[in-house]
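Visitor: What follows is a single structure, and I will ask about it in a moment.
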Amino acid sequence: MEGNGDHAVVAGASVAGLLAARVLSDAYARVTVVERDARSPIGEHRKGVPQGRHVHGLLPRGVEIVDDLFPAFTDELTQAGAHFCELFQGALFCPAGRPLARIRTGLRSLHASRPFLEGHLRERVQALANVEFVDRCDVVGLVADEDRDRVTGIRLLRRADGSAEEVLAADLVIDATGRASRTPAWLDALGYPRPEEEQVQIRLGYASCPLRLHPGALNGDQLVLFGAEPGRPSGLALSAIEGDGWMLSLFGYGEHRPPGGVEGFWSFAAQVAPPDLLRVIRDAEPLDRIVLHRLDSNLRRRYERLHRFPDGLVVVGDALCSFNPIYAQGMTVAALEAVALRRCLEGGGDHLARRFFRAAAKTLDHAWRMATGADLALPVVEGRRPLPVRIVNAYMRRLLAVATHDPAVATIFMRVTGMVDPLATLFRPTVAFRVLRPARGRTGAAASPGP
Ligand SMILES: Cc1cc2nc3c(=O)[nH]c(=O)nc-3n(C[C@H](O)[C@H](O)[C@H](O)COP(=O)(O)OP(=O)(O)OC[C@H]3O[C@@H](n4cnc5c(N)ncnc54)[C@H](O)[C@@H]3O)c2cc1C
């Protein structure tokens, strides 16, 4: 690809950084990935990704994209112990209090522990001849040309030897350092405006514990999900992971967050899980300690709205937008952004950032509306609910009730939440007809919305 330059640098070797590095390896002679943490063996947790100790699933669209970027990747992963979940045949999926129809949608999500998935991804990127990793190194700032029109590299500090700052020159810098990204401050220091930040406060808490269940305890299911409801703003996700393990994550909003401690964990689980499921998880063997995580908001940085932005810099992944994790969108959104980046690179280096941020914004609109819309359906979440949000939430409440017995609606719902089809699909006349037609002899609609 012409006009892009020779060397690209990616800050952050987590999922978004690894996927970006894969795409950049086709467009640049050299790609350097700079990561703060030391390289860890596959499946081992690391400090820079604390969310890795909680349930992580890859949505159907994410599965398609990683297989496109790394042929047969997900097959390799399942051979190594990860699990495909056939939606909804292999999943007890209760986004709004009642299970969705157990039908074959033709969609698969991928389930493994987060460090297992990321470790395999890194192996594949590491195998690319023109990609080099520099671990145990902090990116501490950007370097720009004299006019400050273009970012020309990064400043970094090697953790191993505590030596002085170094400069690594680059034709393109990708910030994939996650939600705590310092690009807004670095832009400020270069005389650029910071991006507007949009937030929907959720004050979400997770508590997770890996378990070993009795064989066959879930009759072949790989995933159990109980979503939050207006009357009970808490839920749980139980997902198969590699090595016959399971990851149980409990979550709740605001004052309904799961508490620390073993007793608190199990009494919280008892409030969310139906008795048969509670028996299964209580009979299981805990494989590690209980770990808590807190996330205060959905956070979107509107780089696409900036009128001034330097060339040579792009922001991806959670650094651009991070969502309420219960909807499992983050890694799939990072994959969609990698696809958008690839397309933009094919168009050459001119105005790359502007073109990328606009393209990414379309993907983010979908994910953002899904996540924040579902959050705002819960009274516990503070925020404005203009009429369109209230109408959509009423419609979604009904759609989920219909999806409990209508295979067509359940499939469309999963295609949209799996990010295979656009959000607008849910509102097509043919779907709206099925959702809104009077319930002839049906059981009543569940009184709760969901994602
Ligand atoms: C509790 C929880 C559960 C989740 N569950 C799911 C799920 O089921 N499915 C899903 O798709 N997503 C899920 N997510 C979201 C998912 O984890 C992220 O969207 C995904 O990891 C992409 O993030 P990222 O690569 O942009 O950033 P991160 O994963 O946050 O990684 C940032 C990387 O940058 C490195 N770094 C940071 N600062 C520097 C620096 N200055 N210099 C060098 N390196 C640096 C860090 O060490 C780290 O490796 C969940 C998130 C949470 C919090």
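Read-outs: derived from the displayed coordinates by stated rules, not from any lab. Here the structure is a predicted model, which is why all the values come from computation and not from measurement. Cβ coordinates were reconstructed from backbone atoms using ideal geometry, including for glycine residues, and neighbour counts include every protein chain displayed.
Visitor: Could you list the trypsin sites (Lys or Arg not before Pro) in the stretch 1-78 that lie in coil according to DSSP, counting only those with at most 10 other Cβ atoms within 10 Å of their Cβ?
Guide: Sites meeting the loop and neighbour criteria: 47.
Visitor: Now, a different point. Kindly provide the helix-only [θ] at 222 nm of the chain, computed as the sum of -39,500 (n - 2.57) over DSSP H runs of four or more divided by all residues, to the nearest 500 deg cm²/dmol?
Guide: Taking each H run of at least 4 residues, the total per residue is -10000 deg cm²/dmol.
Visitor: In what sequence do 366, 351 fall when counting other Cβ within 10 Å, fewest first?
Guide: Least crowded to most crowded, the residues run 351, 366.
Visitor: If you place +1 on the Cβ of every Lys and Arg and -1 on the Cβ of every Asp and Glu, how big does the dipole about the Cα centre of the chain come out, in debye to the nearest 20?
Guide: In debye, rounded to 20, the chain gives about 2000.
Visitor: Right, another one. Counting only C-alpha contacts under 8 Å and six or more residues apart, can you give the relative contact order of the chain as a whole percent?
Guide: 21 percent.
Visitor: Now a separate question. Please state, as a whole number in µm²/s, the translational diffusion coefficient that the Stokes-Einstein equation yields for the chain at 10 °C and 1.306 mPa s, with Rh defined as the Kirkwood radius across alpha carbon pairs.
Guide: 70 µm²/s
Visitor: On a C-alpha basis, how far is the centre of the stretch 72-131 from the centre of the stretch 156-191 in Å? Whole number, if you could?
Guide: So the separation of the two Cα centres works out to 32 Å.
Visitor: Can you say what percent of the DSSP beta bridges in the chain, counting only those with both residues inside, are antiparallel? Round to 5.
Guide: That works out to approximately 70 percent antiparallel.
Visitor: Run a plain Debye calculation on the stretch 1-109 (Cα atoms as equal point scatterers, no solvent) and give log10 I(q)/I(0) at q = 0.13, 0.14, 0.18 Å⁻¹, rounded to two decimals, same order as the q list.
Guide: So the normalised log intensities work out to -0.68, -0.77, -1.07.
Visitor: Going by how many other beta carbons lie within 10 Å of each one, how would you line up 192, 303, 253, fewest first?
Guide: 192, 253, 303
Visitor: Treat every Asp and Glu Cβ in the stretch 218-335 as -1 and every Lys and Arg Cβ as +1, leave all other atoms uncharged, and give the resulting dipole magnitude about the Cα centre to the nearest 20 debye.
Guide: 640 debye
Visitor: In addition: Using only Cα atoms and rounding to the nearest 10 degrees, what angle (0 to 90) does helix 114-126 make with the longest principal axis of the chain?
Guide: Once rounded, one gets 30 degrees.
Visitor: Could you point to the residue in 266, 247, 280 farthest towards the positive end of the stretch 223-285's charge dipole, with +1 and -1 charges on the Cβ of Lys/Arg and Asp/Glu respectively?
Guide: 266
Visitor: State which stretch of the chain is the longest one without any exposed GluC sites (Glu not before Pro), exposure meaning a DSSP loop state and at most 13 other Cβ atoms within 10 Å.
Guide: Values: sites that count: 2, 44, 146, 165, 196, 382.
Segment 197-381 is the longest.
Visitor: If you don't mind, there's one more thing I want to ask. As I understand it, the value is the acute angle between the Cα axis of helix 352-376 and the longest principal axis of the Cα atoms of the chain; what does it come to in degrees, rounded to 10?
Guide: 20 degrees
Visitor: Here's something else I'd like to know. What does the charge dipole of the stretch 277-407 about its Cα centre add up to, to the nearest 20 debye, if the Cβ of each Lys and Arg holds +1 and the Cβ of each Asp and Glu holds -1?
Guide: Working: 21 positive and 14 negative charges, 113 e Å.
Charge dipole, the stretch 277-407, about its Cα centre: 540 debye, nearest 20.
Visitor: Please work out the C-alpha center-to-center distance from the stretch 342-410 to the stretch 256-333 and express it in whole Å.
Guide: The stretch 342-410 and the stretch 256-333 have Cα centres separated by 18 Å.
Visitor: Also, quick follow-up: With a cut-off of at most 14 other beta carbons within 10 Å, and DSSP calling the residue loop, which trypsin sites (Lys or Arg not before Pro) in the stretch 152-236 qualify? Please list them. Kindly include the intermediate steps, with their values, before the conclusion.
Guide: Numbers: sites: 155, 158, 159, 179, 182, 203, 212; in loops: 159, 179, 182.
Qualifying residues, ordered by number: 159.
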